[in-house]
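J.: I'd like to ask you about the structure that follows.
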């Protein structure tokens, strides 16, 4: 046998100054281990890596303050995502959750590779997921529930386009704490309802009311009005809330002709059912009002209140006295579009109001006889206000001979002639400028 004395120089040069470990890697010798990075690694390899770390002095550190830092990051992550969820912007929340998770993972990796510090990013990542997903889900269901509630409340009273705008920002649109806003308010009533329905069976009364008010309400909604409430044989609506529109008075005025058409369609349907025809009375006024969700804690309605609303109701009642379909307040009449004309009927001190207001009726400019009606009425009222009773009586006699659609000039003339007859017996007081005190509410 050939023997070699000493160490082979080549081998000595190769292993000199090094630690050599000899071990097995065969499965049957049971020295195969599992690690987080490899499920099968020889035990001798693990020993070698441990010795390498000792010799190099490169140890992974986990300072005693690291636990506190991790808890602080978890708290800040949860707080940040909670604030993002409150903003109700899911996409922004998702970006925030991904960004915070990525920052935790990237920070942990950088700390490990460059500083040898062990930071656990798992808890911040779990916090981001557990805060974002439930928060977004609950927020979605809450908004969906709010949308359904809005649709239930306004589905019959507003066009779909306006409902969609309310859903987008309900707090701004519905003004839960109330708001002062200029509104155009309308009252539409079934004239002569009590007389028409006297002795009628209840089911027939309901059929009459539903047929007539359905046609009226649909027309109002088509013109952008918000239906406030149904009051027996009348409906109240308004413009410029919940969604603001600068042309609310014009929109209300343009609805007048279509309301007349709706009443005619309803009467055709009523006649077909064997029910009597019903006439229409409209009061319309523009002015400031308080609008918002009002009522008891358990039952809220979106409505408006104020002197301008009360005046609109009073104007509706005055249509019977003047023999017209509509009575319009001064602020509304001043905004008549070109196709319409407001004819001033009277100066009224309405019950509950100190100052007299001008009452007008609005008709289409193409109405036959409108120019003569407006001219003679203006002449008659000037003589009436100046106490020239003889001239006023002659002018009102001429007014009574005019025929005008949707208006009864004879009834209006007789109203003034009756006042003049009374003034012959009891002259008006000093300072009187032609105003009349209306003592009735309706």
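J.: If packing is taken as the average number of other Cβ atoms within 10 Å across a peptide's residues, how do 358-368, 190-200 rank, most packed first? Before the final figure, lay out the partial values.
T.: Details: 358-368: 18.8, 190-200: 13.9.
Packing proxy ranking, top to bottom: 358-368, 190-200.
J.: For 238, 230, which order do you get if you count the other beta carbons within 10 Å of each Cβ and list the fewest first?
T.: Details: 238 28, 230 16.
Result, fewest neighbours first: 230, 238.
J.: Could you please rank 268, 125, placing first whichever residue has the fewest other Cβ atoms within 10 Å of its Cβ?
T.: Values: 268 11, 125 20.
Ascending Cβ contact count within 10 Å gives the list 268, 125.
J.: Which of the peptides 250-257, 338-345, 179-186 is most tightly packed, and how do the rest follow, going by the mean number of other Cβ atoms within 10 Å of each residue? Present the calculation step by step, with values, prior to reporting the outcome.
T.: Details: 250-257: 21.4, 338-345: 16.8, 179-186: 23.2.
Highest-to-lowest ranking by the protection proxy: 179-186, 250-257, 338-345.
J.: Semi-axes of the equivalent ellipsoid for the range 155-437, please: Cα gyration tensor eigenvalues, times 5, square-rooted, ordered largest first, whole Å.
T.: Working: eigenvalues 234, 109, 61 Å².
So the equivalent ellipsoid measures 34, 23, 17 Å along its semi-axes.
J.: Moving on to the next point. Listed highest first by mean packing, meaning other Cβ atoms within 10 Å per residue, what order do 407-417, 63-73, 321-331 come in? Intermediate values should be presented prior to the final figure.
T.: Working: 407-417: 19.4, 63-73: 12.2, 321-331: 23.3.
Packing proxy ranking, top to bottom: 321-331, 407-417, 63-73.
J.: What is the distance in Å between the Cα centres of the range 381-428 and the range 247-288?
T.: 28
J.: Also, I was wondering about something else. Within the range 103-121, find all residues whose amide N lies under 12 Å from a label point positioned 7 Å from the Cα of residue 69 along Cα-to-beta-carbon.
T.: Within reach of a label on residue 69, which here means backbone N under 12 Å from a point 7 Å along Cα→Cβ, the range 103-121 contributes 107-121.
J.: Once you put a point 7 Å from the Cα of residue 355 and another 7 Å from the Cα of residue 437, both along the Cβ direction, what distance in nm separates them?
T.: In this crude label model, residue 355 to residue 437 measures out at 1.9 nm.
J.: Just rank 386, 308, fewest to most, by other beta-carbon atoms within 10 angstrom.
T.: Values: 386 12, 308 21.
Placing the least packed residue first, the sequence is 386, 308.
Only the coordinates and a few stated rules stand behind these numbers; no lab work does. Model, not experiment: these values are computed from the prediction. Reconstructed Cβ throughout: ideal geometry from the backbone, glycine too, with neighbour counts over all protein chains shown.
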